[in-house]
1. Relative contact order, percent, of the chain when contacts are C-alpha pairs under 8 Å separated by at least 6 residues?
2. Between ASN61 and ILE29, what is the spin-label point distance in nm, taking each point 7 Å from the Cα along the Cα→C-beta axis?
3. If each residue of separation counts as 0.36 nm, what is the full-extension length gain between LYS40 and TYR15 once their alpha-carbon separation is subtracted?
4. Using a/c under 1.5 as the rounded threshold, could you call the chain rounded, prolate or oblate? The axes a ≥ b ≥ c are square roots of the C-alpha gyration tensor eigenvalues, and prolate needs a/b larger than b/c, oblate otherwise.
5. Return ARG89, ARG111 ranked ascending by Cβ neighbour count within 10 Å, so the fewest neighbours appear first.
6. Along the Cα→Cβ direction, 7 angstrom out, place labels at ILE121 and ASP108. What is the inter-label distance in nm?
7. What is the fewest-to-most order of MET42, MET1 by other Cβ atoms lying within 10 Å of their Cβ?
Amino acid sequence: MILRTLEENDLSFIYASYLKSLRPHKSSIANDVYYPNEHKIMESLLLNALTVVLVDNEDSNLIVGWASATIVPELRLVLNYCYIKRRYRKLGYASKLIDTIIEHADEDLPRFCSCHTPSFIRLSSKYRLIYNPYLISLGELP
């Protein structure tokens, strides 16, 4: 597998995987409210985020997973989302993506996550992630 930064042609996969995988965790929200608003949130986050993409060795267009975080120097790191295709889960790829993001930030920065899915809950203790969705909703991220 190869790690690389986000490319323009990755965006449709990023949006689709984000919206589809997060949907069960926000099932009480009507579709006509959920999809356009979550898309806007992710679109806004991606503008200022470090997003790393894991692709197949032989086909750089075959995305295995991705992770996105907003790093505010000297203030905080916010892991926005991490997604791995189902057949590649439990192989350490999420950790590889998150480790890569953390390498780009000061080790002592407080670390937050903006999603509260079972996967994020499992990763939160390993990476010292504090769940805080309000950093996004209050518009505090650059």
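No value in this document is a laboratory result; all are computed from the given coordinates. What you are looking at is a predicted structure, and each value in this text was computed from that prediction instead of being measured. FYI the Cβ positions are ideal-geometry reconstructions off the backbone, even for glycines, and counts take in every protein chain you see.
1. On the way: 191 pairs, mean separation 28.3, N = 142.
Relative contact order of the chain: 20 percent.
2. Result for the modelled spin labels: 3.2 nm.
3. On the way: separation 25, 0.36 × 25 = 9.00 nm, distance 0.99 nm.
In short, 8.0 nm is gained.
4. Since a/c stays below 1.5, the shape of the chain is classed as rounded.
5. ARG89, ARG111
6. 3.3 nm
7. Ranking MET42, MET1 by Cβ neighbours within 10 Å, fewest first, gives MET1, MET42.
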